[in-house]
1. Ignoring everything but the protein chains, give the 1.4 Å probe accessible area of S35 in square angstrom, nearest 10.
2. Using a basic spin-label model with each label point 7 Å from the Cα along Cα→Cβ, how many nm lie between K59 and T5?
3. Once you put a point 7 Å from the Cα of N42 and another 7 Å from the Cα of D24, both along the Cβ direction, what distance in nm separates them?
4. Which value at 222 nm does the chain reach when only helices count, each DSSP H run of 4 or more adding -39,500 (n - 2.57), with the total divided by all residues and rounded to the nearest 500 deg cm²/dmol?
5. Give, rounded to the nearest 20 debye, the magnitude of the charge dipole that the chain has about its Cα centre when Lys and Arg contribute +1 at Cβ and Asp and Glu contribute -1 at Cβ.
6. Which chymotrypsin sites (Phe, Trp or Tyr not before Pro) from the stretch 40-71 combine a DSSP loop assignment with at most 11 other Cβ atoms within 10 Å?
7. Whole number in Å², please: accessible area per residue of the chain, 1.4 Å probe, ligands, DNA and RNA not counted.
8. Rank these residues by their accessible area, most exposed first, probe 1.4 Å: H10, H38.
Amino acid sequence: MFAQTSETAHIDSLIKVLPGLKDDSNKAYVLYDLSYSHFSINADEGIKWGQECIALSRKLGWEKGLAFANR
């Protein structure tokens with residue numbers, strides 16, 4: 001239970017900073033982290049964040065971001 005509460009707090013903090021980020025690799029990392037963090041909590045939500053990371057990485061032409069998001 002503690003791990004899930006801790007993970008939820010981590011997710012909440014990422015979601016809070018997301019609107020202030022520019023479309024760059026840092027934002028892609030946050031989207032990837034959101035996707036990965038949802039893995040054990042809500043897979044559908046994790047897929048959604050992963051797809052956003054893929055879209056941003058494509059927009060940026062950032063192949064490393066694509067590799068992260070497709071894991």
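The values are calculated or read from the model by the stated rules, or taken from the named source; none is laboratory data. Nothing here was measured: the structure is a model prediction, and the numbers come from that model. Here the Cβ positions follow ideal geometry from the backbone for every residue, glycine too, while neighbour counts run over all protein chains shown. We work out accessible area using only protein heavy atoms, side chains counted, and drop any ligands, DNA or RNA first. Shrake-Rupley method; radii C 1.70, N 1.55, O 1.52, S 1.80 Å.
1. S35 has an accessible surface of roughly 30 Å² with all protein chains in place.
2. 3.7 nm
3. Between N42 and D24, the label points sit 3.0 nm apart.
4. -24500 deg cm²/dmol
5. Roughly 240 debye for the chain.
6. Sparse-neighbourhood loop chymotrypsin sites (Phe, Trp or Tyr not before Pro): none present.
7. For the chain, the solvent-accessible area averages 69 Å² per residue.
8. The ordering from most to least exposed comes out as H10, H38.
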